[in-house]
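Quick notes on the structure that follows.
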Amino acid sequence: MKRYLVTGGAGFIGSNFVLHLLRGEGCARVANVDALTYAGNLDNLRSVEGDPRYAFYQEDIRSAEAMARVIERERPDYVVNFAAESHVDRSIEDPSIFESTNVGGTVNLLNVCRLAWEGTDGGYGEHRYLQVSTDEVYGTLSLDEPDAFFGEKTPLSPHSPYSASKAAADVFVGAYGDTFGMPVLITRCSNNYGPYQFPEKLIPLMIHNAVRHEPLPVYGDGLNVRDWLYVEDHCKAIDLVLRKGRVGEVYNVGGHNERANIDIVKTIIRLVSERLKDPAINDGLITFVEDRKGHDRRYGIDAGKIAAELGWRPETPFEAGIEKTIDWYLKHAEWVERVTSGAYQAYYEQMYGHRGAAGA
Ligand code: NAD
Ligand code: TYD
């Protein structure tokens, strides 16, 4: 029975991970540290608020004092770092917060863990630090070579400020393993989708806009390819790597499910239109807009290592996962309303002087 400290646990994947842990039997404690930026939402965790195994701390991973205090109090076996600024478009508008949170926050967390853990049983005992990273650190693949994939040894070649900050953080994590012998692990996952994803990312934004008969903005020619994984499958992979992965290793996690953006958008239109019996939700809503700067053409993951070493495979077929996701968003209109109004709008306006895509 392990004690976990999860950072960014009020965000999309982090909250799914906290819920996943508390549904199972294997965890004694989950402490969730989240600064509650526009992307963090405690509504995601209402169902576990009374659970004696769960505690929430509103803290910033960049604060050494706060993180040391939480770690001293919670004495986690495992630290899982989800906390990050995660949206590529926002990183293009304002890169600095990405450097500050994603790089500075990670280095701070590594320092605090090192201080707390070093010397346990003459080393680091059974402690583990897992960095939740992304396939975007590898850069881009070409549409002309569909059999090429990102492997763990593919050189890091990030293009956006977001992926650059995640790559920099990964390099620090590796360095703390090499230099200080810290028990670090890195997972690099492809694009996730599922409940509680903020409607600024492709899938929830398209559902949100389709329901409202608003334009569906497709960047460039719509042929950019992403490898989509249902969030629950990612959560299972992370816990497996924590428990059984080899310390010091990187594990790629992916869905074997590459799709062009335009196909994703058309699938969403069809399914939302069917469910709402609304013929006004149709391909006519698709609006091709200016391409994203530095837009990576294709991501594709080779998840052979985690399959061979740990037996992990994606369990949710895309057709089932996208239906579950759409049904969840249609059923949780209030959640969507809350996150796309209040905190998010205020934060976005404060940072950029205009409203974000979801509230435009
Ligand atoms: P998200 O934006 O939904 O959530 C991020 C969370 O971190 C929010 O709850 C936010 O409040 C919190 N946070 C931000 N800055 C913080 C700070 N300084 N201190 C404490 N908390 C802070 O992101 P997500 O999509 O859930 O992604 C989680 C992690 O997984 C990120 O590290 C991301 O890079 C990685 N990842 C995401 C995907 C994806 O498809 N979403 C894929 C692979 C990897
Ligand atoms: P996104 O969900 O932002 O994830 P990432 O950029 O991290 O892969 O975008 C997924 C793909 O969808 C990406 O190729 C950009 C594209 N996209 C659009 O075409 N329109 C949109 O409004 C958004 C948000 C994304």
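The values are calculated or read from the model by the stated rules, or taken from the named source; none is laboratory data. Since the model is a prediction, treat every value here as computed from it, not as a measurement. Positions of Cβ are backbone-derived with ideal geometry, glycine not excepted, and every protein chain shown enters the neighbour counts.
Things worth noting here:
- Residues of the range 95-111 that are out of contact with any Pro (no Cβ under 7 Å at 6 or more places or on another chain) and surrounded by fewer than 22 Cβ atoms within 10 Å (Cβ to Cβ): 96, 97, 99, 100, 103, 104, 107, 108, 111.
- Long-range neighbours under 8 Å by Cβ, at least six apart or interchain, first residue within 17 Å of residue 236 (Cα to Cα) within the range 21-43, second near ligand 1 (Cβ under 6 Å from one of its atoms): none
- Counting only helices (runs of 4 or more DSSP H) that sit wholly inside the range 179-290, those with at least 1 residues that are more than 22 Å from the chain's Cα centre (by Cα) and touching a residue at least 40 places away in the same chain (Cβ under 8 Å) are 202-211, 261-276.
- Count of the range 1-18 residues which are near ligand 1 (Cβ under 7 Å from one of its atoms) and among the polar types (S, T, N, Q): 1
Quick grid of which residues meet (1) within 16 Å of ligand 2 (Cβ to nearest atom); (2) modelled with pLDDT of 95 or more; (3) crowded, with 23+ Cβ neighbours inside 10 Å:
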position	(1), (2), (3)
215	yes, yes, no
220	yes, yes, no
226	yes, yes, yes
229	yes, yes, yes
237	no, yes, yes
242	no, yes, no
248	no, yes, no
256	no, no, no
266	yes, yes, no
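- Residues satisfying the stated conditions in the range 165-204, i.e. β-branched (Val, Ile, Thr) and buried (at least 20 other Cβ atoms within 10 Å of the Cβ): 173, 184, 186, 187, 203
- Hits in the range 22-57 (condition: of a type in the set (A, V, I, L, M, F, W, C) and buried (at least 24 other Cβ atoms within 10 Å of the Cβ)): 30, 33, 39
- Test result for residue 132, surrounded by 16 or more Cβ atoms within 10 Å (Cβ to Cβ), in a helix (DSSP H, G or I), within 11 Å of ligand 1 (Cβ to nearest atom) and of a type in the set (Val, Ile, Thr): no
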